[in-house]
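Enquirer: The structure follows.
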Amino acid sequence: MTVDCIHLERLAAAGVDAWSSVCDSCVAMGATWVHLRRCQTCGHVGCCDESPNRHATGHFHATEHPVVRSHEPGESWAWCYVDRTEYDPAYDGAIEGADLS
């Protein structure tokens, strides 16, 4: 892994089981989402920042769990909220400043 983010180095490839295959908070509200993100610390699944309720980012602010991965089929990138850095193993490198949370 070629990345200057200790959080991504520790958590990007963590084998964390997802809590759900949906954004449970959106389901409870009767809301929809655009994309899903999985917390690499605890497995919480929340909606992305393009979604109206931004539950993945809300989870970060509530828990300070720093890294999420895409929970979308065919995507493997991870994002560190603390360092605002993306890591995609398909490119084996960091993309700084690209906010894909």
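The values are calculated or read from the model by the stated rules, or taken from the named source; none is laboratory data. Keep in mind that what you see is a predicted model, and the values were worked out from it rather than measured. Cβ coordinates were reconstructed from backbone atoms using ideal geometry, including for glycine residues, and neighbour counts include every protein chain displayed.
Enquirer: Do any residues in the stretch 59-77 that are on the phi > 0 side of the Ramachandran plot and aliphatic (A, V, I, L, M) have Cβ atoms under 6 Å from those of residues that are assigned to a strand (DSSP E or B) and surrounded by fewer than 19 Cβ atoms within 10 Å (Cβ to Cβ), where the two are at least six apart or on different chains, and which pairs are they?
Expert: none
Enquirer: Still on this structure, I have one more. Could you tell me which residue of the stretch 21-41 is farthest from Pro52 (Cα to Cα), considering only residues that are part of a loop (DSSP other than H, G, I, E, B) and of a type outside the set (Ser, Thr, Tyr)? So that I can check it myself, show each step before the final result.
Expert: First, pick out the residues of the stretch 21-41 that are part of a loop (DSSP other than H, G, I, E, B): 21-23, 30-35, 40-41.
Subsequent filtering for residues that are of a type outside the set (Ser, Thr, Tyr) retains 22-23, 30-31, 33-35, 40.
On the way: Val22: 15, Cys23: 12, Gly30: 12, Ala31: 8, Trp33: 7, Val34: 9, His35: 11, Gln40: 22 Å.
Ranking the qualifying residues of the stretch 21-41, first place goes to Gln40.
Enquirer: To continue, here is another question. Can you name every residue in the stretch 42-69 that is in contact with an Asp or Glu (Cβ under 9 Å, 6 or more places away or on another chain), more than 16 Å from His7 (Cα to Cα) and part of a strand (DSSP E or B)?
Expert: Passing the criteria: Val45, Gly46.
Enquirer: Considering only residues of the stretch 1-20 that are out of contact with any Gly (no Cβ under 8 Å at 6 or more places or on another chain) and assigned to a loop (DSSP other than H, G, I, E, B), which is modelled with the highest pLDDT? Quick ask: steps written out before the conclusion?
Expert: If we filter the stretch 1-20 for residues that are out of contact with any Gly (no Cβ under 8 Å at 6 or more places or on another chain), which is where we start, we get 1, 4-15, 20.
Checking the rest, the ones that are also assigned to a loop (DSSP other than H, G, I, E, B) come to 1, 4-5, 12-15, 20.
On the way: Met1: 53, Asp4: 78, Cys5: 89, Ala12: 70, Ala13: 72, Ala14: 75, Gly15: 79, Ser20: 92.
Filtering first and then ranking leaves Ser20.
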